[in-house]
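Enquirer: Just passing along the structure, written as C-alpha coordinates.
The values are calculated or read from the model by the stated rules, or taken from the named source; none is laboratory data. The shown structure was predicted, so the numbers you read here are calculated from the model rather than taken from an experiment. Here the Cβ positions follow ideal geometry from the backbone for every residue, glycine too, while neighbour counts run over all protein chains shown.
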Amino acid sequence: MSPGSTTIPRERPNDIGLVVVDHGSRRAESNEMLEQMVDMIRDVVPYRVVEPAHMELAEPSIATAYGRCVAAGVELVVVSPYFLLPGRHWSQDIPELTREAAAAHPGSRFLVTAPLGLHPLMAQVVNSRVEHCLARAGGEAAECEVCEGTGVCATHTAALS
(Lines give C-alpha, C1' and ligand atoms only; values in the text may rest on other atoms or scores of the structure.)
Protein backbone atom coordinates (compact mmCIF):
# COMPACT_ATOMS: atom_id res chain seq x y z
CA MET A 1 0.00 0.00 0.00
CA SER A 2 1.36 3.45 -0.86
CA PRO A 3 2.01 6.09 1.82
CA GLY A 4 -1.12 7.99 2.78
CA SER A 5 -3.46 5.34 1.37
CA THR A 6 -5.95 3.39 3.40
CA THR A 7 -7.90 0.23 2.89
CA ILE A 8 -11.31 1.16 1.52
CA PRO A 9 -14.10 -1.16 2.64
CA ARG A 10 -16.56 -2.49 0.09
CA GLU A 11 -19.37 0.06 -0.25
CA ARG A 12 -23.00 -0.32 -1.20
CA PRO A 13 -23.65 1.01 -4.71
CA ASN A 14 -25.80 3.87 -3.38
CA ASP A 15 -22.86 5.06 -1.29
CA ILE A 16 -20.58 5.39 -4.32
CA GLY A 17 -20.18 8.30 -6.72
CA LEU A 18 -18.39 7.55 -9.98
CA VAL A 19 -16.39 10.21 -11.83
CA VAL A 20 -15.36 9.22 -15.36
CA VAL A 21 -12.45 11.43 -16.37
CA ASP A 22 -10.84 11.96 -19.76
CA HIS A 23 -8.06 14.33 -20.79
CA GLY A 24 -10.31 17.15 -21.94
CA SER A 25 -10.19 18.91 -25.27
CA ARG A 26 -10.53 22.31 -26.86
CA ARG A 27 -12.96 20.59 -29.27
CA ALA A 28 -16.46 20.80 -27.82
CA GLU A 29 -17.47 17.72 -29.84
CA SER A 30 -14.85 15.61 -28.04
CA ASN A 31 -15.96 16.81 -24.62
CA GLU A 32 -19.58 16.10 -25.54
CA MET A 33 -18.61 12.53 -26.40
CA LEU A 34 -17.50 11.98 -22.81
CA GLU A 35 -20.92 13.17 -21.67
CA GLN A 36 -22.52 10.68 -24.06
CA MET A 37 -20.27 7.92 -22.73
CA VAL A 38 -21.20 8.82 -19.15
CA ASP A 39 -24.89 8.61 -20.10
CA MET A 40 -24.23 5.06 -21.38
CA ILE A 41 -22.31 4.20 -18.22
CA ARG A 42 -25.18 5.47 -16.05
CA ASP A 43 -27.42 2.95 -17.77
CA VAL A 44 -25.25 -0.02 -16.74
CA VAL A 45 -23.69 0.78 -13.35
CA PRO A 46 -25.50 0.56 -10.01
CA TYR A 47 -24.04 3.79 -8.61
CA ARG A 48 -26.41 6.58 -7.63
CA VAL A 49 -24.16 9.37 -8.94
CA VAL A 50 -22.12 9.23 -12.17
CA GLU A 51 -20.38 12.39 -13.32
CA PRO A 52 -18.15 13.30 -16.28
CA ALA A 53 -14.91 15.20 -15.70
CA HIS A 54 -12.02 16.48 -17.78
CA MET A 55 -8.48 16.47 -16.48
CA GLU A 56 -7.82 19.83 -18.12
CA LEU A 57 -8.95 22.24 -20.85
CA ALA A 58 -12.71 21.96 -20.15
CA GLU A 59 -15.38 21.81 -17.47
CA PRO A 60 -16.49 19.99 -15.51
CA SER A 61 -13.13 19.49 -13.86
CA ILE A 62 -12.31 16.66 -11.48
CA ALA A 63 -12.86 19.09 -8.60
CA THR A 64 -16.30 20.05 -9.90
CA ALA A 65 -17.39 16.44 -10.44
CA TYR A 66 -15.96 15.37 -7.08
CA GLY A 67 -17.88 18.17 -5.39
CA ARG A 68 -21.11 17.10 -7.09
CA CYS A 69 -20.63 13.57 -5.77
CA VAL A 70 -20.00 14.78 -2.23
CA ALA A 71 -22.97 17.16 -2.41
CA ALA A 72 -25.15 14.19 -3.40
CA GLY A 73 -24.12 12.48 -0.18
CA VAL A 74 -21.95 9.64 -1.42
CA GLU A 75 -19.46 8.10 0.98
CA LEU A 76 -16.84 7.15 -1.60
CA VAL A 77 -15.87 8.92 -4.83
CA VAL A 78 -14.43 6.53 -7.42
CA VAL A 79 -12.46 8.26 -10.17
CA SER A 80 -12.21 6.14 -13.30
CA PRO A 81 -9.75 7.36 -15.95
CA TYR A 82 -11.24 7.01 -19.42
CA PHE A 83 -7.79 6.26 -20.81
CA LEU A 84 -6.59 3.22 -22.68
CA LEU A 85 -3.20 2.66 -21.08
CA PRO A 86 -1.38 3.65 -17.91
CA GLY A 87 0.83 6.70 -18.14
CA ARG A 88 1.73 9.85 -16.25
CA HIS A 89 -1.84 11.16 -16.29
CA TRP A 90 -2.99 7.98 -14.53
CA SER A 91 -0.07 7.56 -12.15
CA GLN A 92 0.46 11.22 -11.22
CA ASP A 93 -1.88 13.86 -12.65
CA ILE A 94 -5.30 12.35 -11.97
CA PRO A 95 -4.42 11.17 -8.42
CA GLU A 96 -3.01 14.63 -7.60
CA LEU A 97 -6.05 16.45 -9.02
CA THR A 98 -8.28 14.06 -7.07
CA ARG A 99 -6.33 14.68 -3.84
CA GLU A 100 -6.74 18.42 -4.39
CA ALA A 101 -10.48 17.98 -4.99
CA ALA A 102 -10.80 15.83 -1.86
CA ALA A 103 -9.00 18.44 0.24
CA ALA A 104 -11.97 20.77 -0.30
CA HIS A 105 -14.19 18.10 1.29
CA PRO A 106 -12.56 17.03 4.58
CA GLY A 107 -13.42 13.47 5.54
CA SER A 108 -14.36 12.46 2.00
CA ARG A 109 -12.83 9.28 0.62
CA PHE A 110 -11.76 8.41 -2.91
CA LEU A 111 -10.31 5.71 -5.09
CA VAL A 112 -8.62 6.16 -8.48
CA THR A 113 -9.13 3.05 -10.62
CA ALA A 114 -6.92 1.56 -13.31
CA PRO A 115 -7.38 2.77 -16.90
CA LEU A 116 -9.14 0.53 -19.40
CA GLY A 117 -5.89 -1.21 -20.29
CA LEU A 118 -5.79 -4.86 -21.23
CA HIS A 119 -9.36 -5.63 -20.23
CA PRO A 120 -10.60 -8.55 -22.37
CA LEU A 121 -13.60 -6.60 -23.64
CA MET A 122 -11.28 -4.02 -25.22
CA ALA A 123 -10.33 -6.54 -27.93
CA GLN A 124 -14.02 -6.85 -28.78
CA VAL A 125 -14.39 -3.06 -28.85
CA VAL A 126 -11.44 -2.71 -31.25
CA ASN A 127 -12.82 -5.45 -33.49
CA SER A 128 -16.27 -3.86 -33.52
CA ARG A 129 -14.85 -0.47 -34.50
CA VAL A 130 -12.63 -1.94 -37.24
CA GLU A 131 -15.52 -4.01 -38.66
CA HIS A 132 -17.79 -0.97 -38.74
CA CYS A 133 -15.15 1.21 -40.42
CA LEU A 134 -14.48 -1.48 -43.03
CA ALA A 135 -18.22 -1.68 -43.71
CA ARG A 136 -18.39 2.12 -43.97
CA ALA A 137 -15.44 2.25 -46.35
CA GLY A 138 -17.15 -0.43 -48.42
CA GLY A 139 -20.37 1.59 -48.61
CA GLU A 140 -22.27 -0.89 -46.42
CA ALA A 141 -22.71 1.25 -43.30
CA ALA A 142 -23.33 4.84 -42.27
CA GLU A 143 -20.66 6.90 -40.57
CA CYS A 144 -20.33 6.14 -36.87
CA GLU A 145 -20.86 8.71 -34.12
CA VAL A 146 -17.13 9.51 -34.11
CA CYS A 147 -16.69 10.08 -37.83
CA GLU A 148 -20.12 11.54 -38.58
CA GLY A 149 -19.78 14.44 -40.98
CA THR A 150 -15.99 14.21 -41.27
CA GLY A 151 -15.56 11.94 -44.28
CA VAL A 152 -12.52 10.49 -42.52
CA CYS A 153 -13.62 6.86 -42.55
CA ALA A 154 -12.52 5.95 -46.09
CA THR A 155 -9.76 3.93 -47.67
CA HIS A 156 -6.87 5.81 -49.28
CA THR A 157 -4.26 4.84 -51.83
CA ALA A 158 -0.67 5.87 -51.34
CA ALA A 159 0.85 7.88 -54.17
CA LEU A 160 3.18 6.01 -56.49
CA SER A 161 6.73 7.31 -56.50
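Enquirer: Suppose the filter is under 13 Å from V19 (Cα atoms) and either without any contact (Cβ under 8 Å) to a residue 40 or more places away in the chain or hydroxyl-bearing (S, T, Y) (or both); does E56 pass it?
Expert: Judged against the criteria, E56 is not a match.
Enquirer: Can I ask one more? Looking at S80, S108, can you tell me which residue is touching a helix residue (DSSP H, G or I) at 6+ places or on another chain (Cβ under 7 Å), closer than 16 Å to I16 by Cβ and of a type in the set (S, T, N, Q)?
Expert: Only one candidate qualifies: S108.
Enquirer: Being within 27 Å of M122 (Cα to Cα) and at pLDDT below 95 is the requirement here; does R48 meet it?
Expert: For R48, the condition - within 27 Å of M122 (Cα to Cα) and at pLDDT below 95 - is met.
Enquirer: I'm told H132 meets every condition in (1) farther than 20 Å from H23 by Cβ; (2) of a type outside the set (K, R); (3) loosely packed, with under 12 Cβ neighbours inside 10 Å except one. Can you identify the failing condition by its number?
Expert: (3)
Enquirer: Which one is nearest to Y47 (Cα to Cα) among residues in segment 92-122 that are under 15 Å from the mean Cα position of the chain (by Cα) and polar (S, T, N, Q)?
Expert: The residue in question is T113.
Here's the yes/no breakdown for (1) aromatic (F, W, Y); (2) at pLDDT below 90:
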position	(1), (2)
A71	no, no
F83	yes, no
R99	no, no
H132	no, no
C147	no, yes
G151	no, yes
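Enquirer: Still on this model: Here are some conditions: (1) out of contact with any His (no Cβ under 7 Å at 6 or more places or on another chain); (2) closer than 30 Å to A123 by Cβ. G24 meets all but one. Which one does it not meet?
Expert: (1)
Enquirer: Considering only residues that are closer than 24 Å to Y47 by Cα and not aliphatic (A, V, I, L, M), look in segment 76-91 and name the one that is surrounded by the most Cβ atoms within 10 Å (Cβ to Cβ).
Expert: Checking each candidate, the answer is P81.
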